[in-house]
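Engineer: Quick one: structure below, then a few questions.
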Amino acid sequence: MTMDPHLLRTFVTVARLASFSGAARELGYTQSAVSQHIAALEGDLRAELLTRRPVAPTAAGARLLEHAGPLLLRLGAARADVRRLAAAPSGRVTLAASPLAVGPRVLAALPATGATLRVLPPAEVPAAVATGDCDLGLVDGAAAPSDPLRLPDVAPLTVTGADEEELAVLLPDGHPFAGRTALRLDDLADARWIDAPGVGLPLTAARASVRYEGTDLHALCALAAAGHGLALLPRRVAEAAGAGTAVPLSAPRLVHRTELLSPGAPTGAAAVLAARLTAGSPV
């Protein structure tokens, strides 16, 4: 028997919300229909997937969740890909971008009208492009010069290098290293960092003193400047923070890399924006 994606989507929603009634409201089903979906999926797999009181995945359910996300994402990407091929080119374009990928170069490339900029946590950008929620995506991360970023395999996407720039550590003004002209990460082996998965570069989460769950760069920089932890940022961002001291990173030899994601060859307004975003790129 083939696994029904509708049943799988219901299961994922119930597990995420830990509620049959909550899943029913979100999916637009009756609670009875949700219960029937879960029962049918459990019957198909011959395994109990959820405990009922409280609602939580069993060991078998947790294993299914590991498969379910990529499966549903691939189905969404396939649907979006087919629809995209059949649709006429649009005069509008939606760009998804991680917060650190949005710089002056990106803002200058946006058309005066017909554009939507959607700022998302870095991990969400590839899926937004793959499923057709956005026409193009910009993701960023730390990498060796000219090395591609490691991106999740959500769907076949075209990846083009868009920009590379220096990295810097943002320190509070009174930090012992604030007077340095450059820093090595080894110099900061005992330092505490801010873990900011929605904004920052995830190099040092294991030594985090504060976790920041947001996408506001000003808030991240303010936390670093106030001494709640260090932040590794593109040099332009660290120097423009308005507080704290930005010290360039000299070793290891890493850069802040930005890559453009597209579902194949973009067309219409998306093609124009893609050309602007990668024009003159050194990578």
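The values are calculated or read from the model by the stated rules, or taken from the named source; none is laboratory data. All values reported here derive from a predicted model rather than from experimental measurement. A quick note on method: Cβ atoms are made from the backbone with ideal geometry, for glycine too, and the neighbour counts reach across all protein chains shown. Each accessible area value is taken on the protein alone, full model and side chains, heavy atoms only, with ligands, DNA and RNA left out. Shrake-Rupley method; radii C 1.70, N 1.55, O 1.52, S 1.80 Å.
Engineer: Of the residues that make up region 63-75, is at least one at pLDDT 90 or above and either among the aliphatic types (A, V, I, L, M) or closer than 30 Å to E165 by Cα (or both)?
Structural biologist: Restricting attention to region 63-75, the residues satisfying the condition of being at pLDDT 90 or above are 63-65.
In the following step, the residues that additionally are either among the aliphatic types (A, V, I, L, M) or closer than 30 Å to E165 by Cα (or both) were identified as 64-65.
The answer is yes, given that some residue of region 63-75 is at pLDDT 90 or above and either among the aliphatic types (A, V, I, L, M) or closer than 30 Å to E165 by Cα (or both).
Engineer: Right, here's the next one. Test R236 against the stated conditions and say whether it is in a loop (DSSP other than H, G, I, E, B), touching a residue at least 40 places away in the same chain (Cβ under 8 Å), open to solvent by 30 Å² or more (accessible area, probe 1.4 Å) and of a type outside the set (S, T, N, Q).
Structural biologist: no
Engineer: A further question follows. From the list E239, E259, which one is acidic (D, E) and over 30 Å from R92 (Cβ atoms)?
Structural biologist: Details: E259 fails: over 30 Å from R92 (Cβ atoms).
Going through E239, E259 in turn, just one is acidic (D, E) and over 30 Å from R92 (Cβ atoms): E239.
Engineer: Residues in region 144-160: is at least one open to solvent by less than 30 Å² (accessible area, probe 1.4 Å) and over 30 Å from G114 (Cβ atoms)?
Structural biologist: Residues of region 144-160 open to solvent by less than 30 Å² (accessible area, probe 1.4 Å): 149, 154-155.
With over 30 Å from G114 (Cβ atoms) added as a condition, the list becomes none.
No, every residue in region 144-160 fails to be open to solvent by less than 30 Å² (accessible area, probe 1.4 Å) and over 30 Å from G114 (Cβ atoms).
Engineer: For region 134-165, enumerate the residues that are over 18 Å from L277 (Cα atoms) and either at pLDDT 90 or above or in contact with a Leu (Cβ under 6 Å, 6 or more places away or on another chain) (or both).
Structural biologist: Narrowing region 134-165 to residues over 18 Å from L277 (Cα atoms): 142-145, 147, 150-156.
Within region 134-165, A142, A143, A144, P145, D147, V154 qualify.
Engineer: While we're on this one: One residue is enough: does region 82-102 have a residue meeting the conditions open to solvent by 10 Å² or more (accessible area, probe 1.4 Å), among the charged types (D, E, K, R) and at pLDDT 85 or above?
Structural biologist: yes
Engineer: Could you figure out which of (1) in contact with a Gly (Cβ under 7 Å, 6 or more places away or on another chain); (2) at positive phi isn't true of A224?
Structural biologist: (2)
Engineer: Still on this model: Identify all residues within region 258-269 that are under 18 Å from A115 (Cα atoms), of a type outside the set (S, T, N, Q) and open to solvent by 30 Å² or more (accessible area, probe 1.4 Å); write none if there are none.
Structural biologist: From region 258-269, those under 18 Å from A115 (Cα atoms) are 260-263, 266-269; that's our starting set.
Checking which are of a type outside the set (S, T, N, Q) leaves us with 260-261, 263, 266, 268-269.
Residues satisfying the conditions are P266, G268.
Engineer: Given (1) modelled with pLDDT of 95 or more; (2) at positive phi, identify the lone condition not met by G264.
Structural biologist: (1)
Engineer: So V169 ticks every box in (1) without any contact (Cβ under 8 Å) to a residue 40 or more places away in the chain; (2) under 24 Å from C221 (Cβ atoms); (3) open to solvent by less than 20 Å² (accessible area, probe 1.4 Å) but one. Which box is left unticked?
Structural biologist: For V169, the exception is condition (1).
For (1) open to solvent by 30 Å² or more (accessible area, probe 1.4 Å); (2) among the charged types (D, E, K, R); (3) part of a strand (DSSP E or B), each residue gets a yes or a no:
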position: H175; (1), (2), (3): yes, no, no
position: A178; (1), (2), (3): no, no, no
position: C221; (1), (2), (3): no, no, no
position: L232; (1), (2), (3): no, no, yes
position: G242; (1), (2), (3): yes, no, no
position: V247; (1), (2), (3): no, no, yes
position: H256; (1), (2), (3): no, no, yes
position: A271; (1), (2), (3): yes, no, no
position: L277; (1), (2), (3): no, no, no
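Engineer: Run D163 past the list (1) acidic (D, E); (2) without any contact (Cβ under 8 Å) to a residue 24 or more places away in the chain; (3) part of a strand (DSSP E or B) and report the number of the one that doesn't hold.
Structural biologist: Single failed check for D163: (2).
Engineer: Quick one: in region 184-213, of everything that is at pLDDT 85 or above and in a helix (DSSP H, G or I), which residue is most open to solvent (accessible area, probe 1.4 Å)?
Structural biologist: By that ranking, first place goes to D186.
Engineer: Collect the residues in region 8-44 that are within 19 Å of G69 (Cα to Cα) and either touching a residue at least 40 places away in the same chain (Cβ under 8 Å) or outside any helix (DSSP H, G or I) (or both), keeping them in residue-number order.
Structural biologist: L8, R9, F11, V12, V14, A15, A18, S19, D44
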